Amino acid sequence: MEVLLIRHGEASWDAKSDMERQLTSRGEVQVAAARDWLAAEGWQPDQVWVSPYRRAQQTADIVSADWRVRRRSIASLSPDASLNELETLLETFSGERLILVGHNPLLSNAVGQWHQGAPASYWGLQPASMALLQAEVIAAGTAELKWLRHFPNYDHNGR
């Protein structure tokens, strides 16, 4: 199984609550760059699981705009969710490729825990970063990190 972790793009702090924070225009460009890179690689998931937070939903909208895949809103992908709860939920996935769209610290903790030989002090995914992990079963120390891509420096000019 391949699990692609995508952290939401840059988000505004101008919101009534953390859950309502939206992507900035720069965040939209970052996520579009990630989507374009995935398209060029020909990588497409069987399902997309996304945090219920607005910025993650917007990220999933952009990334999956050209795909006809099942999408689920998953509370276990919210910023402070339990990694153990997410691992239990992953046991229900029966496809080959899954995208998880969410937040830090959860996603960075997932890379640090699931990746074979990851340093205990993994530094984390930046906005719009993606990490592809591959394993038979997702659990502590079982996954191979296939690649890690960052798009935080993209601006409106595509640089």
Go through (1) touching a strand residue (DSSP E or B) at 6+ places or on another chain (Cβ under 9 Å); (2) at pLDDT 70 or above one by one and return the number of the condition Tyr122 breaks.
(2)
Kindly indicate whether Arg72 is surrounded by 17 or more Cβ atoms within 10 Å (Cβ to Cβ) and within 16 Å of the chain's Cα centre (by Cα).
no
May I ask you to verify whether Arg149 is touching a Ser or Thr at 6+ places or on another chain (Cβ under 8 Å), modelled with pLDDT of 90 or more and not hydroxyl-bearing (Ser, Thr, Tyr)?
yes
Of (1) open to solvent by 20 Å² or more (accessible area, probe 1.4 Å); (2) modelled with pLDDT of 95 or more; (3) over 21 Å from Leu148 (Cα atoms), Leu23 satisfies every one except (1)
Among the strands (runs of 3 or more DSSP E) confined wholly to region 1-80, which include 2 or more residues that are in contact with a helix residue (DSSP H, G or I) (Cβ under 9 Å, 6 or more places away or on another chain) and aliphatic (A, V, I, L, M)?
2-7, 47-50
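The values are calculated or read from the model by the stated rules, or taken from the named source; none is laboratory data. On a predicted model such as this, the values are computed, not experimentally measured, just so you know. Reconstructed Cβ throughout: ideal geometry from the backbone, glycine too, with neighbour counts over all protein chains shown. Each accessible area value is taken on the protein alone, full model and side chains, heavy atoms only, with ligands, DNA and RNA left out. Shrake-Rupley method; radii C 1.70, N 1.55, O 1.52, S 1.80 Å.
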